[in-house]
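The values are calculated or read from the model by the stated rules, or taken from the named source; none is laboratory data. Keep in mind it's a predicted model, so treat the numbers as computed, not measured. In this analysis, Cβ positions are derived from the backbone assuming ideal geometry, glycine residues included, and neighbour counts consider all displayed protein chains.
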Amino acid sequence: MFNPTIARITTRALFGRLRFLLLLPLPLLVVGLALLTQATGVDPSDWVTPVIVAIGLTVVLPVLALIIGTGVLGSEVDDGTLAHILAKPLPRREIVLTKLVVAVGVTAVTTGLPLALTGLIAGSPALAGGLAVGAVVGSLAYCSLFTALSVLTRLPVLIGLAYILIWETLAGNLLTGTRVLSIDQYVLTVVDRIAHSTLISSNVSLAVSLSMAFVFTAGFTLLGIDRLRSFSVKGETS
Amino acid sequence: MTTIAESTPAVAPVTATAVEVRDVSKWYGNVVAVNNITMSLGAGVTGLLGPNGAGKTTVLHMMAGFLAPSRGEVLVGGQPAWRNPNVYSGLGIVVEREAVHGFLTGWDFVLASAKLQRLPDPVAAARRAIELVDMAEPQNRRMSTYSKGMRQRMRVAAALVHDPAVLLLDEPFNGMDPRQRMHMMELLHAMGDAGRTVLFSSHILEEVEQISGTVQVIVAGRLAASGDFRTIRRLMTHRPHVFTVRSNDDRRLAVALMAQESVASVDLDPKTGLTVKASDYGTFTHVLPKIALAEKIRVQRLVPADESLESVFAYLVGAQ
């Protein structure tokens, strides 16, 4: 189920990629903003929503998950190194699950820790805990989606960005019905329920959020495995 | 019925066809990349020859389970290659696209392949494979520092680390210097002699000539010729051909040429000289100097009208 050799190479490749290294400091930006607003005497009830929710949860978490989720598999599709792994007698399930473990782990740590820190800056350990758990839930759902996109389409980053920017951000604000199909809403609900604070509020019920997050994670993982089983390796000319 | 059963030996010698391609076609939308190809490969080295874009890579990728045939079936070791990762236990492939993780050393790369093959002793297997391709000395350097030929050899090492019964190589000699080329040819030979099935693709006739006894020629997605290299070589030399000839006395030369059996027609044009249609390339090129010598005619120019490899291949398609 988990292949340490693939995990090691995938992680090294991920941390050697410029695109990832450039975005790695993004979560620290949220921490910096939180520190700055708190230091200038703004009340947490005024800055938690614009900084933590609007930037941290709706932009930084999905964008990082996008770069990491497509980075573990999509990049190998692009540069052709995937052929080395495909030409091995490994169940395709093992390849996808291993890469997913790396993606979820890296995303959860690089977003969860800074987000929890902003919760502490806001003076609420419960919010910090909520943000950490929310980051894990979000990492699972987002990474499954973006990893699957890597084998479903030749333009995973573009389509992933469209999902984040158009579906979640725009449609989520204008058409409330799409919230039930937006990962950021599930994350927000989880954070809200654990934080149990007036600083944050959510729109979707916990039962719906958790079950939908599970459906996203499991569904896209299975889809990704199935697509990799029938993955066509293109030649140089075609 | 029993007599038949008794007359057959207890252990029937299995005619080993390592790779079996049956009525395989592959198309992308309206474009047919491979058109109804049937071939079977046994032990030894086989060359897959054809001009660029003929469908060699598509055929190799279907054999490697990297592409689904649109029609027909591809079997490796008796098992379907598509959607069947188990075939890779007995199959190694070196693709044309030379993508490797540059941060890995050659040793890391081959060792990872050995581990992913779940070999009982991956370290020993990696060491053996690297020695086979003569890369032990630079094995601890990052692959990004390798030359094209070195990278190619490391990729070959990774492909044969599990000692596969079938080895497929797509244009393996690209980017190699003559010495590396020679070494790789020896290696492929040795593998073929040891009873393995080795198939390599190439668009260069001489490469195939030097290492493989059997050839499969693909032109425009179709199998144009297959079998012993010498037979195909003969087909290639004894093919009709057009030459333009210029001499100090074209008219006299034309008369002498017409007497030759290998000449089908001669066209005399005072401006461009003679256009000779030879029915047999080999004989004509052999006979022309003799005629010139006997008739004391000085041949100033002899140009084969169409000497591209493509035209040779096109002829083979027609000859089938």
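Within segment B:49-56, the presence of a residue that is modelled with pLDDT of 95 or more and either out of contact with any Lys or Arg (no Cβ under 8 Å at 6 or more places or on another chain) or more than 9 Å from chain A (Cβ to nearest Cβ) (or both) is excluded.
When residue A:62 is tested against (1) within 14 Å of another protein chain (Cβ to nearest Cβ); (2) within 18 Å of the chain's Cα centre (by Cα), only condition (1) is not met. Reported count of residues in segment B:97-115, each being in contact with a His (Cβ under 9 Å, 6 or more places away or on another chain) and within 15 Å of residue A:12 (Cβ to Cβ), is 5. Restricted to segment A:66-89, and to residues that are crowded, with 23+ Cβ neighbours inside 10 Å and among the β-branched types (Val, Ile, Thr), which residue is nearest to the other protein chains (Cβ to nearest Cβ)? Applying the filter and picking the extreme gives A:85. In the set (1) surrounded by fewer than 20 Cβ atoms within 10 Å (Cβ to Cβ); (2) within 14 Å of chain B (Cβ to nearest Cβ); (3) modelled with pLDDT of 95 or more, residue A:98 fails one condition alone, (1). Reported count of residues in segment A:197-238, each being out of contact with any Gly (no Cβ under 8 Å at 6 or more places or on another chain), loosely packed, with under 14 Cβ neighbours inside 10 Å and within 14 Å of chain B (Cβ to nearest Cβ), is 3.
Residues are listed down the side, and each one gets a yes or a no for (1) of a type outside the set (Val, Ile, Thr); (2) under 29 Å from the mean Cα position of the chain (by Cα); (3) in a loop (DSSP other than H, G, I, E, B):
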| position | (1), (2), (3) |
| --- | --- |
| B:124 | yes, no, no |
| B:131 | yes, yes, no |
| B:134 | yes, yes, yes |
| B:137 | yes, no, yes |
| B:140 | yes, no, yes |
| B:155 | yes, yes, no |
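Checked against (1) away from chain B (no Cβ under 14 Å); (2) farther than 21 Å from residue A:122 by Cβ, residue A:34 meets all criteria but (2).
Taken over segment B:222-254, the criterion of being surrounded by fewer than 17 Cβ atoms within 10 Å (Cβ to Cβ), among the charged types (D, E, K, R) and part of a helix (DSSP H, G or I) is satisfied by B:230, B:233, B:234, B:251, B:252. Has segment B:84-99 got any residue that is part of a helix (DSSP H, G or I) and more than 29 Å from the chain's Cα centre (by Cα)? There is no residue in segment B:84-99 that is part of a helix (DSSP H, G or I) and more than 29 Å from the chain's Cα centre (by Cα). For segment B:100-122, a tally of residues being of a type in the set (A, V, I, L, M) and either at pLDDT below 95 or assigned to a loop (DSSP other than H, G, I, E, B) (or both) returns 3. Filtering segment B:62-110 to residues that are facing chain A (nearest Cβ under 7 Å), farther than 27 Å from residue A:16 by Cβ and without any contact (Cβ under 8 Å) to a residue 12 or more places away in the chain leaves only B:86. Buried (at least 19 other Cβ atoms within 10 Å of the Cβ), closer than 24 Å to residue A:79 by Cβ and charged (D, E, K, R) - does that describe any residue in segment B:137-145? No, segment B:137-145 contains no residue that is buried (at least 19 other Cβ atoms within 10 Å of the Cβ), closer than 24 Å to residue A:79 by Cβ and charged (D, E, K, R). Summed over segment B:157-174, the residues that are touching a residue at least 40 places away in the same chain (Cβ under 8 Å) and assigned to a loop (DSSP other than H, G, I, E, B) give a count of 9. Only a single item in (1) crowded, with 20+ Cβ neighbours inside 10 Å; (2) closer than 21 Å to residue A:202 by Cα; (3) in contact with a Ser or Thr (Cβ under 9 Å, 6 or more places away or on another chain) is not met by residue A:115, and it is number (3). When segment B:255-294 is filtered for residues that are surrounded by 19 or more Cβ atoms within 10 Å (Cβ to Cβ) and charged (D, E, K, R), only B:280 remains. So, in segment B:72-83, how many residues would count as being in a loop (DSSP other than H, G, I, E, B) and touching a helix residue (DSSP H, G or I) at 6+ places or on another chain (Cβ under 8 Å)? Of the residues in that region, 4 qualify.
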